[in-house]
Amino acid sequence: MFRRLKTSQIVTDVVIAVGFFVIAWPVEALVASGAWSSLGPVGDAVSGLLIAALFTGALALRRLSPALALGIAWVGALVQMGLGRPPSFADLAIFGVLYTTAAYGSRVVYWAGFASALVGALVITVYLFAGPPFAGGGLSWQTLPLALVVLVAGAFALGLSWTIGALVRTAVRARENREAQQRAEAETAAEQERVRIARDMHDVVAHSLAVVIAQADGARYAASSDAAIATEALATISTTARSALADVRLLLGQLRHRQGDGPQPTIADLEELYMQVRTAGVQLRVDVDPAPPGEPPAAVQLAVYRILQEALTNTLRHGAPGGSVDVRLSWLSDRVELDVRNPVSPGSQPGRSGHGIIGMRERAQLAGGRLDAADEGGAFTVRATIPLGGAG
């Protein structure tokens, strides 16, 4: 029932209400002393104080509780008519109350304010022409045109206050919806950025660690028989780890500072990727036919590199020892087709856990293509098709 207001808003409303009361009470006392009054000086002063207090209370509560303010305003109007008093300065509070019912009230209060504007115009017209001693002849065929004019004018004035509040309500709702949409878009963009960084981190770390593990195992086995091979394996481990560390630092920088993507791998870096896999002991056969027609879009190059990186990482983790890995790239006029096929170790189930297959499929979809991965006759095959028109 009560709205949450800032302290400054409450203070402002109280100050306005006090100033309104300081003016309204003397005016109400002066109006009450008219020739038509039959309450006497004391009764006139008390009735003037009561009317001023009621409308002042409605004005003070108009933003804190529009429903309560509307109820107090109606009580003040009924008391005013019950005492046979004419409209005066205190009635101006009604306009402020109607404004706040439309601007800040609940749905019920919103329509109650609208109804009050229409009913209030009708009630004041009937009251002025049929009620008190100052009605001036009452309601008749001669005064009917004037009564209609008063009715229209009252409905317009009260309805205008409510309409202004309704416009303010609409503007506030539109601003809130716009801010909510902007927050949702910002959260979506942040989530997409986190997913992208997590995907890049997975590709970099998983591939680099797979190479490091394979090289470390080879160096351990060769340490006692061939020191040169062990030294070469350790050099490969060092190079791979340094490259992975640089990529991780770049990703962490993006995460901290929300900077640009930074340099990304292209198809020109594939030879280095193939070399890392071969030095890890994998028999890798690469077939590129036909060759790329010119310079493919950057998004396509990144997708091809990351998909191959993850697919070859899976061969290091799940491939059968001594088995060969076949990579085929076909750069057609409108698309690139990618196939990676490797035998699977007995008992290994690639793609059943982790995020590797999911990440590769997301890579392909972001570039506007598709990716399928499945076990085909004892060999695990990754097959992707990416259009050369750019990201989808």
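Odds and ends about this structure:
- Here each label is just a point 7 Å from Cα along the line to Cβ, and for SER238 and VAL149 those points are 10.4 nm apart.
- Theoretical gain in end-to-end length, ASP339 to GLU185 [0.36 nm per residue, Cα-Cα removed]: 51.8 nm
- Multiplying each eigenvalue of the alpha-carbon gyration tensor of segment 147-219 by 5 and taking the square root yields semi-axes of 69, 5, 4 Å, largest first, rounded to whole angstroms.
Readers should treat all values here as calculations from the given coordinates under stated rules, not as data from a laboratory. Please read all numbers here as calculations on a predicted model, not as lab measurements. Note that each Cβ is placed from the backbone with ideal geometry, even for glycine, and that neighbours are counted across all protein chains shown.
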